[in-house]
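A short write-up of the structure that comes next.
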Amino acid sequence: MRLHQMLRNTATFRTVFDFGDREVAHWFPGHMAKGRNPLFQESLDVRPHLLVLNKMDLADLSAKNRILKQLQRDGVKNILFTDCLSQRDENVKKLVPMVIDLIQSNPRFHREEDTNFCLMVIGVPNVGKSSLINALRRTNLKKGRASKVGGEPGITKAVLTRIQVCERPIIHLLDTPGVLPPKIPSLETGMKLALCGTILDHLVGEDVIADYLLFSLNRLEKYSYVERYGLGEPTDDIQQVLKHIAVKLGKTQRVKAITGVGNITITVPNYPAAAYDFIRAFRKGELGQVILD
């Protein structure tokens with residue numbers, strides 16, 4: 001009866017997310033605009049390139065074959081799944097041999113007199129481009145990281161100096177700022193990008209991202225957040241979720257309240273901190289594997 005009641009309650013949850021009057025134009029950081037990213041596709045079409053799909057530890061690998069087939073239909077053939085934060089990712093070891101094979105099999109870039117290579121790492125924000133460079137240095141040179149990394153987009157704001165990642169052959173990589181299309185096609189797409197951490201949270205609003213996350217989890221019938229935060233049952237009320245998270249994790253703050261007999265200090269939930277914890281749990285895969293189709 002309890003399960004039946006819970007499922008019946010979910011039938012009343014939102015089927016459409018209300019974005020309000022939000023705009024997406026201001027979600028596009030200035031350093032991305034400087035990159036003139038629409039030209040990248042033209043450049044890639046005439047140069048050997050490898051598509052690295054990082055953070056495979058957070059992905060639902062049951063969809064791997066479907067993803068590969070779709071990419072191949074789109075003309076993308078050289079694909080590698082990686083987890084650059086893992087100390088023993090065998091796929092990272094495959095990257096250099098794959099790159100060398102791509103270059104040497106292309107007559108235009110086959111230069112016997114010069115075996116030094118300089119490659120550019122390009123991708124959307126916060127997918128682990130800098131982590132990839134550091135992983136290659138760790139794997140091939142046994143050296144520490146040379147490119148700054150972080151858990152939010154925009155850490156790299158300019159093309160850095162060449163970073164050596166291999167000795168035989170000598171390979172240098174260029175770390176670059178994350179790039180996105182200068183015009184995000186829809187609010188739905190923009191919110192998914194924000195949820196995945198490719199847009200700075202404060203540009204969209206942590207509360208809005210958290211609410212969209214709750215909406216998405218419920219729509220996909222992914223109720224792992226209920227057990228993680230001890231909610232008892234699924235809910236469609238983000239304020240209820242954030243209040244529960246704040247109390248459970250001790251994320252509270254003391255504020256002054258005005259009363260008729262003077263000011264008093266009260267303890268209230270820290271909703272922004274709770275929202276950040278909820279979003280971070282999703283990005284770290286702690287709410288299960290979710291595909292935002």
Worksheet entry | Subset of region 160-171 (residues that are open to solvent by 30 Å² or more (accessible area, probe 1.4 Å) and either over 24 Å from the mean Cα position of the chain (by Cα) or touching a residue at least 60 places away in the same chain (Cβ under 8 Å) (or both)) | Thr161, Arg162, Gln164, Glu167, Arg168, Pro169, Ile170
Worksheet item: In this structure, does Pro169 turn out to be farther than 24 Å from Asp201 by Cα, of a type outside the set (Lys, Arg) and modelled with pLDDT of 65 or more?
Response: yes
Item to complete: Determine the pairs where a residue that is without any contact (Cβ under 8 Å) to a residue 60 or more places away in the chain and under 16 Å from Val226 (Cβ atoms), located within region 241-269, has a partner that is assigned to a strand (DSSP E or B) and open to solvent by less than 60 Å² (accessible area, probe 1.4 Å) with Cβ atoms under 7 Å apart, the partner being 6 or more residues away or on another chain.
Response: Leu242/Pro269; Lys243/Pro269; Val247/Pro269
Discussion item. Quick check on region 36-43. Is at least one of its residues modelled with pLDDT of 75 or more, open to solvent by 70 Å² or more (accessible area, probe 1.4 Å) and either over 20 Å from Cys196 (Cβ atoms) or not in a helix (DSSP H, G or I) (or both)?
Written reply: no
Item to complete: For Lys77, state whether it is modelled with pLDDT of 90 or more and open to solvent by 80 Å² or more (accessible area, probe 1.4 Å).
Response: no
Worksheet entry | First in region 58-72 and touching a residue at least 40 places away in the same chain (Cβ under 8 Å) and assigned to a helix (DSSP H, G or I), second anywhere and open to solvent by less than 70 Å² (accessible area, probe 1.4 Å) and not β-branched (Val, Ile, Thr), Cβ under 7 Å, 6 or more apart | Leu58/Gly285
Item to complete: Spot the failing condition for Thr198; the list is (1) in a loop (DSSP other than H, G, I, E, B); (2) over 30 Å from Ile122 (Cα atoms), and only one is missed.
Response: (2)
Worksheet item: Tally time: how many residues in region 183-210 are at pLDDT 90 or above and either in contact with a Leu (Cβ under 9 Å, 6 or more places away or on another chain) or small (Gly, Ala, Ser) (or both)?
Response: 3
Practice prompt. Given the conditions (1) modelled with pLDDT under 80; (2) buried (at least 18 other Cβ atoms within 10 Å of the Cβ), report the number of the one that Glu113 does not fulfil.
Written response: (2)
Response to the item:
All conditions in (1) within 30 Å of Lys93 (Cβ to Cβ); (2) open to solvent by 50 Å² or more (accessible area, probe 1.4 Å) are true of Asp207 except (1)
Fill in: Considering residues of region 162-193 that are touching a Gly at 6+ places or on another chain (Cβ under 9 Å) and aliphatic (A, V, I, L, M) only, the residue farthest from Gly20 (Cα to Cα)
Val179
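The values are calculated or read from the model by the stated rules, or taken from the named source; none is laboratory data. Note that the coordinates shown come from a computational prediction; the quantities given were computed from them, not determined experimentally. Every residue, glycine among them, receives a Cβ derived from its backbone with ideal geometry; neighbour counts consider all protein chains shown. Just the protein is used for accessible areas: all its heavy atoms, side chains included, with ligands, DNA and RNA removed. Shrake-Rupley method; radii C 1.70, N 1.55, O 1.52, S 1.80 Å.
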